[in-house]
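S.K.: This structure is in C-alpha cells; I'll ask about it shortly.
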Amino acid sequence: MNNFIIQFIMMVTVGILIGWFTNYLAIKLLFRPYREMNFIFFKIQGLIPKRRDEISENISEVVEKELISIDDIAEKFKNSEFSEKMIDELLDNIISEKLQNSILEKNPFLKMFINDSMMEKIKGYFKKTIFENREKIISEIIRIAKEKIDFKEIMLEKMKNFSLNEIEEIILRVSKRELKHIEIIGGVLGGIIAVFQFFLMLFLKQI
C-alpha cells in the first residue's frame, strides 16, 4: 500500500514539474534565443525575434485601423471648440512671451512703442482673427496632419528602436501575471494527467 502511495506521489509530482516546465519553456521560447541558433538537424530562434518585423507591421496596422488613426483625431479636433480662455493662453505663450523674450530683448528700442497696452491690442487683433477663421484654421491643420502624419510609420519606427531585450521586458511587465497563470495551469494539467495515468496503470495491471 505504501508503495502505491509513494508511486502515486512521485508520478503526480513529476507530472506537475513536466507540465510546469513545458509551459515555462514555451513562454521563454517566445523571446529566446534572440539570434538564430543552428543545430545539426534543426534551427531555433525565439518567435518574436524571428518575426519581429511582421509582428510590428501587424500591430501598427491594428492600432491604426482599429484603435486610433489620424482621422479619429481629426474628427475629435473638428468637433472641439476654441474657448476664449484657450485662445488667451495660446496668445500669452506665443505672442507675449516670444515678443518680450525674443524681439524686445534683442531690440530694446521697440520697447518705446510696444507697451502693455499695445500688447493687449495685438492679442485682441489675433484673437478676433482666430475666432473669425477658426473653422478654416482647423480644416487646414487637419489637412496638413493627414498629409504629413503617418501613425503606422511612426509606430514602426518606434518599435524598431526598441531592442529585443526591451521588448521582452515590456511584454513580461504587462502580462507577467497572465504568463505566470499559464505556467501554473501547465503544472495543474500535468498533475491531472499523471493522476489519470496512475489509475490507468492500476486498471491495466488488474486485467
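The values are calculated or read from the model by the stated rules, or taken from the named source; none is laboratory data. Because the structure is a prediction, the values reported are computed rather than measured. Note: ideal-geometry Cβ built from the backbone for every residue, glycine included; neighbour counts use all protein chains shown. Ligands, DNA and RNA are excluded from the accessible area calculation, which covers all protein heavy atoms including side chains. Shrake-Rupley method; radii C 1.70, N 1.55, O 1.52, S 1.80 Å.
S.K.: How do the pairs read when you match residues in segment 161-182 that are over 18 Å from L29 (Cβ atoms) with residues anywhere that are surrounded by fewer than 14 Cβ atoms within 10 Å (Cβ to Cβ), using Cβ under 8 Å and keeping only pairs 6 or more apart or on different chains?
M.R.: Listed pairs, sorted by first residue: F162/I170.
S.K.: Right, here's the next one. Test K146 against the criterion of being part of a helix (DSSP H, G or I), farther than 21 Å from G46 by Cα, of a type outside the set (F, W, Y) and out of contact with any Phe, Trp or Tyr (no Cβ under 7 Å at 6 or more places or on another chain), and give yes or no.
M.R.: On the way: part of a helix (DSSP H, G or I): yes; farther than 21 Å from G46 by Cα: yes; of a type outside the set (F, W, Y): yes; out of contact with any Phe, Trp or Tyr (no Cβ under 7 Å at 6 or more places or on another chain): yes.
So K146 passes the test.
S.K.: Now a separate question. List every residue pair whose Cβ atoms lie under 6 Å apart, where the two residues are 6 or more positions apart in sequence or sit on different chains, the first residue falls within segment 27-40 and is within 13 Å of L179 (Cβ to Cβ), and the second residue, located anywhere, is surrounded by 10 or more Cβ atoms within 10 Å (Cβ to Cβ) and charged (D, E, K, R).
M.R.: F31/E168
S.K.: Against the conditions (1) open to solvent by 50 Å² or more (accessible area, probe 1.4 Å); (2) within 37 Å of the chain's Cα centre (by Cα), where does M159 fall short? Just the number, please.
M.R.: (1)
S.K.: Looking at segment 142-151 only, could you name the residues that are under 12 Å from I73 (Cα atoms) and open to solvent by less than 80 Å² (accessible area, probe 1.4 Å)?
M.R.: Across segment 142-151, the qualifying residues are I142, A145, I149, F151.
S.K.: Taking G15, is it within 22 Å of K176 (Cα to Cα), open to solvent by less than 90 Å² (accessible area, probe 1.4 Å) and not acidic (D, E)?
M.R.: no
S.K.: Find the residue count for segment 149-172, including only residues that are farther than 18 Å from R51 by Cα and outside any helix (DSSP H, G or I).
M.R.: So the count comes out to 2.
S.K.: I would also like to ask the following. Residues that are modelled with pLDDT under 85 and within 30 Å of F198 (Cβ to Cβ): which helices (runs of 4 or more DSSP H) entirely in segment 1-113 hold 3 or more of them?
M.R.: Result: 2-31.
S.K.: Can I ask one more? Would you tally the residues in segment 1-25 being of a type in the set (A, V, I, L, M) and without any contact (Cβ under 8 Å) to a residue 24 or more places away in the chain?
M.R.: 6
S.K.: Among the numbered criteria (1) open to solvent by 100 Å² or more (accessible area, probe 1.4 Å); (2) touching a residue at least 40 places away in the same chain (Cβ under 8 Å); (3) closer than 30 Å to L25 by Cα; (4) out of contact with any Ser or Thr (no Cβ under 9 Å at 6 or more places or on another chain), which single criterion is violated by V188?
M.R.: Tallying (1) open to solvent by 100 Å² or more (accessible area, probe 1.4 Å); (2) touching a residue at least 40 places away in the same chain (Cβ under 8 Å); (3) closer than 30 Å to L25 by Cα; (4) out of contact with any Ser or Thr (no Cβ under 9 Å at 6 or more places or on another chain), V188 fails exactly one: (1).
S.K.: Here is a list of conditions, (1) surrounded by fewer than 16 Cβ atoms within 10 Å (Cβ to Cβ); (2) of a type outside the set (S, T, Y); (3) under 17 Å from the mean Cα position of the chain (by Cα); (4) farther than 16 Å from N23 by Cβ, and E168 meets all of them except one; can you say which number that is?
M.R.: (1)
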